[in-house]
1. Taking a probe of 1.4 Å, how large is the accessible area per residue of segment 99-173, in Å²?
2. Ignoring ligands, DNA and RNA, what percent of the 1.4 Å accessible area of segment 330-378 is carbon and sulfur?
3. Projected onto the charge dipole of segment 78-227 (+1 at Lys/Arg Cβ, -1 at Asp/Glu Cβ, origin at the Cα centre), which of Asn144, Val126, Thr185 gives the Cα projection farthest towards the positive end?
4. Indicate, rounded to the nearest 5 percent, the antiparallel portion of the DSSP beta bridges found entirely in the chain.
5. Work out, step by step, the length gained on full extension between Glu231 and Lys265: first 0.36 nm times the residue separation, then minus their alpha carbon distance; give nm to one decimal.
6. To the nearest 10 degrees, how steep is helix 133-144 against the longest Cα principal axis of the chain, on a 0 to 90 scale?
7. Can you find, among Ile346, Phe324, Ile271, the residue sitting farthest towards the positive end of the charge dipole of segment 266-369, where Lys and Arg contribute +1 and Asp and Glu -1 at Cβ?
8. Based solely on its DSSP helices, what 222 nm [θ] is calculated for the chain when runs of n ≥ 4 H residues each add -39,500 (n - 2.57) and the sum is averaged over all residues, nearest 500 deg cm²/dmol?
Amino acid sequence: MATSGRITIHKEFKIGEIDPRIYGSFIEHLGRAVYGGIYEPGHPTADADGFRGDVMELVKALDVPIVRYPGGNFVSGFNWEDSVGPREARPRRLDLAWKTTESNQIGLNEFMTWCRKAGTAPMMAVNLGTRGPDEARNLLEYANHPGGTYYSDLRRAHGVSDPYDIKLWCLGNEMDGPWQIGHKTADEYGRIALETAKVMRWVDPRIELVACGSSGRGMPTFAAWEATVLEHTYEQVDYISLHAYYGNLTNDTPGFLAKSLDMDKFIASVIATADFVKAKTRSRKTINLSFDEWNVWHNIQNWADFLPAPWVEAPPLLEERYTFEDALLVGCLLITLLRHADRVKIACLAQLVNVIAPVMTVTGGEAWKQTIYYPFLHASRYGRGIALDLQARSPQTIDADLGPVPALETVATLDPESESITIFAVNRGAEVIALDTNGMDLTGYRVSEHITLTHPDLKAVNTVDQPNTVTPRNNGDAVIREGGLLAHLAGLSWNVIRLTRTA
Ligand code: AHR
């Protein structure tokens with residue numbers, strides 16, 4: 001049985017320009033993200049620098065404009081100086097965040113080489129857990145100052161003559177969380193973030209800075225934290241961060257697929273809080289949002305149960321196996337980010353390789369794609385340009401804590417040059433939706449593709465041996481008829497409908 005849905009689409013209903021950096025990702029010194037993930041000297045596909053070529057290809061296809069580095073919780077105990085210079089002299093250290101041993105064989109210079117090869121740019125985080133403004137300004141001098149000073153000359157002595165000109169910097173990580181090394185109150189963090197921002201801008205005024213917001217909407221300090229931190233830092237920072245992970249440990253599919261409403265509410269609340277501080281301080285400036293950690297993560301509370309033993313080097317950690325259902329939620333979350341394209345200017349899928357990741361590797365073996373790889377790939381590839389606000393009508397699935405949940409989660413993007421339009425839609429209901437459109441006359445458009453991701457088993461996963469269990473197909477039935485779009489969206493499906501102008 002089919003139910004009906006309708007979207008009102010018009011190219012003048014603009015939400016805003018999509019900043020490509022919303023398709024960012026994240027590599028932390030955690031588990032096998034770096035060692036055994038992007039870097040595995042001796043692997044059959046490894047290049048002269050030890051970077052895995054198979055991983056590089058899968059990452060390049062995702063076209064991630066930025067990759068956050070080196071953490072995460074890891075950064076709050078990290079001494080960046082340990083990870084530059086001759087490799088044999090680099091110290092091995094206890095990483096207190098993940099209870100592992102860090103060999104420091106990959107550091108800033110190697111990561112920058114990987115970024116160049118992968119066609120991406122770093123989003124660097126500085127340590128405001130155990131360290132502060134002094135370390136941050138020195139790192140920035142090392143990375144961005146041309147030469148003639150201690151740290152810029154140290155970089156040159158390490159074989160890098162030109163400065164990196166790294167633009168985007170995070171002022172610490174999740175400083176509101178009691179689990180964080182060097183956890184702080186909002187006032188303590190606001191003060192150190194302000195002083196760090198000041199000196200970093202003095203070293204390089206062209207950088208952009210992200211202040212830590214809350215680690216989640218459920219944090220007891222949420223919103224008060226953002227207000228206090230921004231009251232301290234408003235004129236010195238450009239973005240406030242948001243982090244959110246969603247899981248389904250109770251196996252409640254409708255409730256799980258409704259979690260994008262939580263992300264939506266989270267974004268709206270942070271915008272309101274940032275704008276409250278703007279009003280209070282009579283500022284002319286607007287703070288935008290950096291959703292620099294988001295994903296599905298089921299075992300967030302009990303990750304330590306999977307730790308083989310403490311102080312192991314690069315153990316498999318947080319290696320979630322993503323189901324088809326998880327891919328549907330990732331699709332809903334991507335649509336939600338696009339629906340806030342006017343204020344969310346940066347977002348990082350956390351993470352990229354092996355650790356809660358779309359790309360997985362076998363040490364010495366294959367690299368393969370998890371289910372969540374596909375919605376991210378489609379959004380990154382086709383979701384560029386202008387985000388369009390679709391007024392959508394569809395049946396309700398459930399009444400969740402956050403209100404009624406529509407079966408249809410949808411947004412469209414417009415390429416302003418070619419005027420091609422892409423509609424992204426998740427049908428989170430079990431029944432087929434017979435979809436039509438009104439608003440814009442679509443005569444002169446044709447459906448060039450209707451990609452779908454469906455599977456009869458919500459818990460289906462890809463594995464290294466069966467990597468194509470959940471893969472997209474160009475098999476949807478969308479057509480343009482009498483100036484409108486008609487399509488059937490299968491129950492529980494991800495859809496990408498691409499409309500291009502006919503000659
Ligand atoms: O992405 C995994 C971890 O989740 C990050 O290190 C931390 O910032 C968050 O709690």
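1. Details: 2570 Å² over 75 residues.
Accessible surface, normalised per residue, equals 34 Å².
2. That fraction is 47 percent.
3. It is Asn144, whose Cα lies furthest towards the positive end.
4. Here the antiparallel bridges make up roughly 55 percent for the chain.
5. Gain on stretching Glu231 to Lys265: 10.0 nm.
6. Between the helix axis and the principal axis of the chain, the angle is about 80 degrees.
7. Of Ile346, Phe324, Ile271, it is Ile271.
8. Details: 10 runs with 121 residues, N = 503.
Counting only the DSSP helices, I get -7500 deg cm²/dmol.
The values are calculated or read from the model by the stated rules, or taken from the named source; none is laboratory data. Since we're looking at a predicted model, the values are computed, not measured. When we count neighbours, we look across all protein chains shown, and the Cβ atoms used for this are built from the backbone with ideal geometry, even at glycine. SASA here: full protein model, heavy atoms, side chains in, ligands and nucleic acids out. Shrake-Rupley method; radii C 1.70, N 1.55, O 1.52, S 1.80 Å.
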